[in-house]
């Protein structure tokens with residue numbers, strides 16, 4: 001990245017910029033509280049459809065619960081991630097990011113993580129309640145939450161790429177899901193695989209390790225793509 | 001080492017001429033090879049001792065599947081080239097190759113389903129390799145959807161390139177999924193390092209089909225890129241001159 005060059009241009013530390021972004025993000029998020037709850041409501045609604053539409057029996061629900069919860073997390077993340085950078089482009093923050101002399105990579109990474117904190121994390125924390133309603137076996141709650149804790153940031157980071165690619169387009173919404181959902185399949189496979197293994201009482205460290213490696217891979221690589229896409233969108237808009 | 005060849009590749013005009021000189025004979029050769037391979041494979045190749053005659057669809061399934069995957073690798077190479085050396089041709093290649101790749105992926109899935117019915121007793125199984133192939137189809141469709149959402153600009157080139165490069169992470173998962181999950185699908189028919197397990201009477205026609213398909217693909221890409229060049233360089237003087245002369249000769 002432009003890391004070393006940026007440091008030559010100005011030697012302002014990165015931390016104050018990140019704190020500013022953090023405050024700005026949380027302030028705008030909490031000013032519009034409805035937007036905070038919307039993904040959560042959507043998450044619960046999707047899960048409500050399965051007992052009604054497929055089968056309300058505990059046998060089916062407990063077997064399907066890991067997959068259902070994971071898919072609901074995926075879908076609700078896609079909804080909230082579609083507009084991740086839209087406001088920043090419109091109010092000019094993105095341009096400020098480009099000229100502030102700090103590496104865009106870290107700004108994008110940080111913004112995505114903060115966004116996950118107030119959209120992804122609540123869903124993860126909420127999932128045990130839904131797991132209870134889906135007759136998910138009690139002993140495996142911690143594994144479910146752990147898999148979501150590792151997996152949902154990966155979804156957020158991948159979704160950030162889609163949001164960055166489509167930020168200046170009018171037809172954002174469904175396009176982001178089209179672009180990103182295929183890429184999230186490995187996360188889904190290892191995430192649900194880990195939970196299913198733990199329900200079956202077999203070791204799940206393999207899936208956990210793969211999920212963790214996906215996490216670190218996404219953490220290091222995804223912001224590169226998002227930053228490149230954002231830079232291009234701002235320069236062309 | 002001389003780099004003139006590489007730099008010439010970046011010139012649409014040069015590529016237009018070269019592609020124009022070669023696409024016709026490539027297409028003819030590919031049709032000949034595909035005919036030979038099809039007749040050889042369907043009529044003269046020996047029956048499989050287990051699968052009987054139903055295995056013969058391999059002569060369509062394997063070439064389309066190989067092309068479906070290598071087309072994406074070619075697109076990824078083009079994407080990287082386009083991002084690094086800012087070659088306009090790279091994006092034109094992606095524009096021409098993405099619909100072809102999607103078509104080949106669909107054909108591979110379709111012939112696979114037709115093959116699966118007599119062999120596994122079902123049209124579709126959620127086997128790792130089949131699923132990965134389906135995901136590949138969606139990757140192609142995603143690239144096409146993104147391109148159609150953006151009007152022609154520098155931005156479209158870069159967006160496409162970034163998306164293709166991100167998607168290429170999925171290709172190793174496709175390639176190694178058979179070994180990882182070890183399910184119904186038989187392992188790859190051709191590998192570069194080992195001799196095929198089939199007898200030569202069976203795999204030689206298959207090789208003819210694969211080579212024929214590659215030539216077919218190359219010829220179609222040449223024509224697609226030529227069309228892209230004409231569209232995008234329509235305001236350049238050489239294109240105007242070309243269209244004027246071609247228009248007058250055809251009258």
- Query: When the range A:185-207 is examined, which residues are found to be free of Cβ contacts under 8 Å to residues at least 12 places away in the same chain and buried (at least 17 other Cβ atoms within 10 Å of the Cβ)?
  - Reply: A:185, A:189, A:197
- Item | the range B:154-187 - residue that is in a loop (DSSP other than H, G, I, E, B) and within 23 Å of residue A:177 (Cα to Cα) and, of those, modelled with the lowest pLDDT | B:169
- The condition from (1) under 27 Å from residue A:220 (Cα atoms); (2) at pLDDT 85 or above that residue A:9 misses is numbered (2)
- Answer yes if at least one residue in the range A:140-147 is surrounded by fewer than 24 Cβ atoms within 10 Å (Cβ to Cβ), in a helix (DSSP H, G or I) and either within 9 Å of chain B (Cβ to nearest Cβ) or under 16 Å from the mean Cα position of the chain (by Cα) (or both), and no otherwise. yes
- Return the only residue of B:56, B:21 being more than 30 Å from residue B:166 (Cα to Cα), free of Cβ contacts under 8 Å to residues at least 60 places away in the same chain and surrounded by 15 or more Cβ atoms within 10 Å (Cβ to Cβ). B:56
- Scope the range B:34-51; condition surrounded by fewer than 20 Cβ atoms within 10 Å (Cβ to Cβ) and either over 25 Å from residue B:129 (Cα atoms) or in contact with a helix residue (DSSP H, G or I) (Cβ under 8 Å, 6 or more places away or on another chain) (or both); matching residues: B:35, B:36, B:38, B:39, B:40, B:42, B:43, B:44, B:46, B:47, B:48, B:51
- Can you pull out the residues in the range B:148-163 that are closer than 20 Å to residue B:73 by Cβ and more than 7 Å from chain A (Cβ to nearest Cβ)? B:157, B:160, B:161
- Message: assigned to a helix (DSSP H, G or I), more than 14 Å from chain A (Cβ to nearest Cβ) and crowded, with 20+ Cβ neighbours inside 10 Å: which single residue out of B:104, B:138 fits that description?
- Response: B:104
- Message: For the condition without any contact (Cβ under 8 Å) to a residue 60 or more places away in the chain and under 27 Å from residue B:168 (Cβ atoms), what is the one hit in B:74, B:28, B:87, B:92?
- Response: B:74
- Query: Do you know which residues across the range B:198-216 are modelled with pLDDT under 85 and under 17 Å from the mean Cα position of the chain (by Cα)?
  - Reply: none
- Message: Being modelled with pLDDT under 85 and out of contact with any helix residue (DSSP H, G or I) (no Cβ under 6 Å at 6 or more places or on another chain) is the requirement here; does residue A:55 meet it?
- Response: no
- Task: Would you please list the contacts, defined by Cβ atoms under 8 Å and residues six or more apart or on different chains, that run from a residue in the range B:236-250 that is farther than 14 Å from residue B:11 by Cβ to a residue that is part of a helix (DSSP H, G or I) and modelled with pLDDT of 70 or more?
- Result: B:243/B:230
- Message: Taking the condition of being at the interface with chain B (Cβ under 10 Å from one of its Cβ atoms), part of a helix (DSSP H, G or I) and in contact with a helix residue (DSSP H, G or I) (Cβ under 7 Å, 6 or more places away or on another chain), how many residues in the range A:148-175 meet it?
- Response: 6
- Message: Quick check on my filter: what residues within the range A:208-237 are within 30 Å of residue A:64 (Cβ to Cβ), within 12 Å of chain B (Cβ to nearest Cβ) and surrounded by 16 or more Cβ atoms within 10 Å (Cβ to Cβ)?
- Response: A:210, A:214, A:218, A:222
- Condition test on residue B:129, is it within 14 Å of another protein chain (Cβ to nearest Cβ) and over 21 Å from residue A:162 (Cβ atoms)? yes
- Among A:195, A:202, the single one that is farther than 30 Å from residue B:160 by Cα and in a helix (DSSP H, G or I) is A:195
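The values are calculated or read from the model by the stated rules, or taken from the named source; none is laboratory data. Since the model is a prediction, treat every value here as computed from it, not as a measurement. Counting neighbours? That spans all protein chains shown, and the Cβs are built from the backbone with ideal geometry, glycine included.
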